[in-house]
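Working notes, beginning with the structure itself.
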Amino acid sequence: SSSPPKLYALEEETKSVLSFDLNTGEANLVSGPGRGAGPSLDQPVGLTFVHASSGTPPSLAVSDRKFGPEDSPAIVAIGISTGDRSVVSSSAAEDPLVFKGAGPELGSPAGLHYQKSLSRFLVVDTEEKALFSVDRSTGDRLVVVDNSDTSDGVLMFSPSDVALSSNGATAWILDPIGKKVFAAQLQSSSLSLLSNNSPADDYRWSSPRHFTYRNGTGLFIADYTGHAAYSVATSSG
């Protein structure tokens, strides 16, 4: 968030959401053991900032592979001021505490991004090898792209993270196992390869883990075991 300047992060070991004051470096517990009502997070893997809309404060959302009493894949809303956890979307029909939303079932939700202009979340699902759209209000789910939409025959193997262009037309999907980045055209629901570990490329990823998009510059990818950061041009790969 820019005002106040804070960074929000997942802490996997304690299954918590933390905030870091970017002026002082101070860390605080936002939601987790000892703070916040609602079912506990169990396998949180994705986090996004949800910008404020009319009449509502900003909040956070987390993708959790096992949420609630029945360990259901879910998108979970996190109140910044309270730490409260509530389900945005889950296809666990046998779990009335967290069941919400219609549409295809989530399998293993991972990275997510909040698209404020359409009041929806874009969520990559590692198990389904797909990019989902999740309505913030209703929790309804739609498949935006999957491997059946490939335009060049290259398939996603284990998608884990998603970034969105500034105009909302293109989503980029990171596949760390395949060491690939895909471009998904949201209007036409087409999927194509943007960049991979080409044999002729001197800059080869070892373990690409997360990425982010900077308008006018491109994508930035963190390589976990390669101990490096890379930039990827969104026009050419």
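The values are calculated or read from the model by the stated rules, or taken from the named source; none is laboratory data. Everything numeric in this text was worked out from a predicted model, so none of it was measured. In this analysis, Cβ positions are derived from the backbone assuming ideal geometry, glycine residues included, and neighbour counts consider all displayed protein chains. Heads up: the accessible areas ignore ligands, DNA and RNA and are worked out on the full protein's heavy atoms, side chains in. Shrake-Rupley method; radii C 1.70, N 1.55, O 1.52, S 1.80 Å.
Identify all residues within region 62-95 that are open to solvent by 70 Å² or more (accessible area, probe 1.4 Å) and under 19 Å from residue 2 (Cβ atoms); write none if there are none.
81
Mind listing whichever residues of region 6-61 are over 19 Å from residue 111 (Cα atoms), free of Cβ contacts under 8 Å to residues at least 40 places away in the same chain, open to solvent by less than 60 Å² (accessible area, probe 1.4 Å) and within 21 Å of the chain's Cα centre (by Cα)?
Matches in region 6-61: 52 only.
Table: residues versus (1) touching a Gly at 6+ places or on another chain (Cβ under 7 Å); (2) at pLDDT 95 or above; (3) of a type outside the set (Phe, Trp, Tyr).
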| site | (1), (2), (3) |
| --- | --- |
| 35 | yes, yes, yes |
| 38 | no, no, yes |
| 51 | no, no, yes |
| 54 | no, no, yes |
| 58 | no, no, yes |
| 61 | no, yes, yes |
| 94 | no, no, yes |
| 111 | yes, yes, yes |
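Under 6 Å by Cβ, and 6 or more places apart or on different chains, what pairs join a residue from region 76-89 that is on the phi > 0 side of the Ramachandran plot with one that is in a loop (DSSP other than H, G, I, E, B) and at pLDDT 95 or above?
From residues that are on the phi > 0 side of the Ramachandran plot, the pairs are 83/36.
Would a scan of region 216-229 turn up a residue that is closer than 23 Å to residue 120 by Cα, under 19 Å from the mean Cα position of the chain (by Cα) and not in a strand (DSSP E or B)?
Checked region 216-229: no residue is closer than 23 Å to residue 120 by Cα, under 19 Å from the mean Cα position of the chain (by Cα) and not in a strand (DSSP E or B).
Could you list, in sequence order, all residues of region 28-64 that are of a type in the set (Gly, Ala, Ser) and closer than 25 Å to residue 163 by Cβ? Talk me through it step by step, then tell me what you get.
Going residue by residue through region 28-64, those that are of a type in the set (Gly, Ala, Ser) are 31-32, 34, 36-38, 40, 46, 52-55, 59, 61, 63.
Within region 28-64, 31, 46, 52, 53, 59, 61, 63 qualify.
Applying the selection to region 32-64, what residues are under 15 Å from residue 75 (Cα atoms) and either among the hydroxyl-bearing types (Ser, Thr, Tyr) or in contact with a His (Cβ under 7 Å, 6 or more places away or on another chain) (or both)?
Residues of region 32-64 that are under 15 Å from residue 75 (Cα atoms), as a first pass: 38-50, 59-64.
Listed by number, the residues that qualify are 40, 48, 59, 63.
Yes or no: region 170-188 includes at least one residue that is charged (D, E, K, R) and part of a loop (DSSP other than H, G, I, E, B). Before the answer, list the steps.
At the first step, the residues of region 170-188 found to be charged (D, E, K, R) are 175, 179-180.
After this cut, where a residue has to be part of a loop (DSSP other than H, G, I, E, B) as well, the list is 179.
Yes - at least one qualifying residue is present in region 170-188.
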